[in-house]
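The values are calculated or read from the model by the stated rules, or taken from the named source; none is laboratory data. Note that the coordinates shown come from a computational prediction; the quantities given were computed from them, not determined experimentally. Glycine gets a Cβ as well: all are built from the backbone with ideal geometry, and neighbour counts include every protein chain shown. The accessibility values were calculated without ligands, DNA or RNA, using every heavy atom of the protein model including side chains. Shrake-Rupley method; radii C 1.70, N 1.55, O 1.52, S 1.80 Å.
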Amino acid sequence: MQFGASIFFTDYSISPAELGVALEERGFDSVWAAEHSHIPVPRRTPPPGGGELAKRYYDVMDPFVTLTAAAAATKTLKVGTGVCLIIQRDTIQTAKLVASIDQVSGGRFLFGIGGGWNAEEIEAHGTVFTTRMKKMREQIEAMKLIWTKSTAEYNGEIVKVPSMMTWPKPVQKPYPPILLGGAFPWAARRAVRYGDGWYPNASSGNPDEYVPSFRKMAADAGRDPASLPVTIGGAPEDLAKLQQFRDLGVARVNVTLPAESAAQILPILDRWSGLIRQLGT
């Protein structure tokens, strides 16, 4: 089982390069950057879990910029979006961003995606909130063609890509892994339908139930469950829980880091490094 770390990179958090190096030195396999383009004012939609929306949501940087910085400072660390709100992005331009970061990182990009929760933010980009999940599927279907065909064309109900050519193509073939973020069963179904893995949160249900259910869902759909690895986000700093995830065959767990300085982040990583060593014994 691998270990990753996710964070909202801001202008006051640890820098992407410094975090990337620190993670690589401590045996982590990946860093994951969150995304929000902006927070509308006023906002009707409550945040997941309720309460006040944390400052980091307003301040987070663009994930493709921060992950490129992390990739340039490291040699083996994978860089992932956790998650990219593609429903707020142009399909053709996002396909080029993904291919470009996969090129400059030497094939280390992981494409975590999600449909988002902030209706006002999503609608500000011209996306209809109620059909955003259909748009996300069509965007991925179109991107797969862009990444794998010299001439690509897609004609969905929402997404239209006229016949076009673009390079570069991704280093990873046929394209970087697409991980569907979200809870069981909805995001799990999307992962089975058009993804290469599933990215739930540790707090969204019981892994003892949803991990085996996801694998059965995949098998029932004619997909090999082994081809759809599970990455669990929000992993607790608890050895017994980590052993549970490992025994369930989870491919990776991600610790959620606060948007804080290196002085506060590095001790957290050191504690996690100790847990990783214990788990390996």
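Is it fair to say GLU209 is of a type in the set (Asp, Glu), farther than 21 Å from GLY27 by Cβ and surrounded by fewer than 12 Cβ atoms within 10 Å (Cβ to Cβ)? Yes, satisfied.
LEU110 fulfils the conditions (1) open to solvent by less than 40 Å² (accessible area, probe 1.4 Å); (2) closer than 24 Å to ARG193 by Cβ; (3) in a helix (DSSP H, G or I) except for a single criterion, (3).
Just to be sure, is PRO168 open to solvent by 10 Å² or more (accessible area, probe 1.4 Å), touching a residue at least 60 places away in the same chain (Cβ under 8 Å) and under 30 Å from GLU18 (Cα atoms)? Criteria met by PRO168.
Take the conditions (1) touching a residue at least 60 places away in the same chain (Cβ under 8 Å); (2) touching a helix residue (DSSP H, G or I) at 6+ places or on another chain (Cβ under 7 Å); (3) part of a loop (DSSP other than H, G, I, E, B); (4) within 30 Å of PRO212 (Cβ to Cβ); TRP117 misses just one of them, which is (2). Name the residues in region 83-105 that are among the basic types (Lys, Arg) and part of a helix (DSSP H, G or I), would you? Selection gives LYS96 alone. GLY80 passes every criterion in (1) of a type in the set (Gly, Ala, Ser); (2) within 14 Å of the chain's Cα centre (by Cα); (3) in a loop (DSSP other than H, G, I, E, B) apart from (3).
Evaluated against (1) more than 18 Å from the chain's Cα centre (by Cα); (2) open to solvent by less than 20 Å² (accessible area, probe 1.4 Å), ALA70 falls short on exactly one condition, (1). Residues that are within 16 Å of the chain's Cα centre (by Cα) and in a loop (DSSP other than H, G, I, E, B) within region 29-56 comprise ASP29, ALA34, GLU35, HIS36, SER37, listed in sequence order. Counting only residues that are open to solvent by 40 Å² or more (accessible area, probe 1.4 Å) and of a type outside the set (S, T, N, Q), which one in region 90-107 is farthest from GLY195 (Cα to Cα)? Top of the filtered list is VAL104.
In the set (1) out of contact with any helix residue (DSSP H, G or I) (no Cβ under 6 Å at 6 or more places or on another chain); (2) in contact (Cβ under 8 Å) with a residue 60 or more places away in the chain, PHE109 fails one condition alone, (1). Scanning region 16-62 for residues that are open to solvent by 40 Å² or more (accessible area, probe 1.4 Å), within 22 Å of GLY107 (Cα to Cα) and in contact (Cβ under 8 Å) with a residue 40 or more places away in the chain yields GLU18, VAL21, GLU24, ARG26, GLY27. Only one entry of VAL128, VAL65 meets the criterion of being among the β-branched types (Val, Ile, Thr), under 18 Å from the mean Cα position of the chain (by Cα), more than 22 Å from GLN2 (Cβ to Cβ) and open to solvent by 70 Å² or more (accessible area, probe 1.4 Å), and that entry is VAL65. Being touching a residue at least 40 places away in the same chain (Cβ under 8 Å) and either polar (S, T, N, Q) or touching a strand residue (DSSP E or B) at 6+ places or on another chain (Cβ under 8 Å) (or both) is a property that ALA262 lacks.
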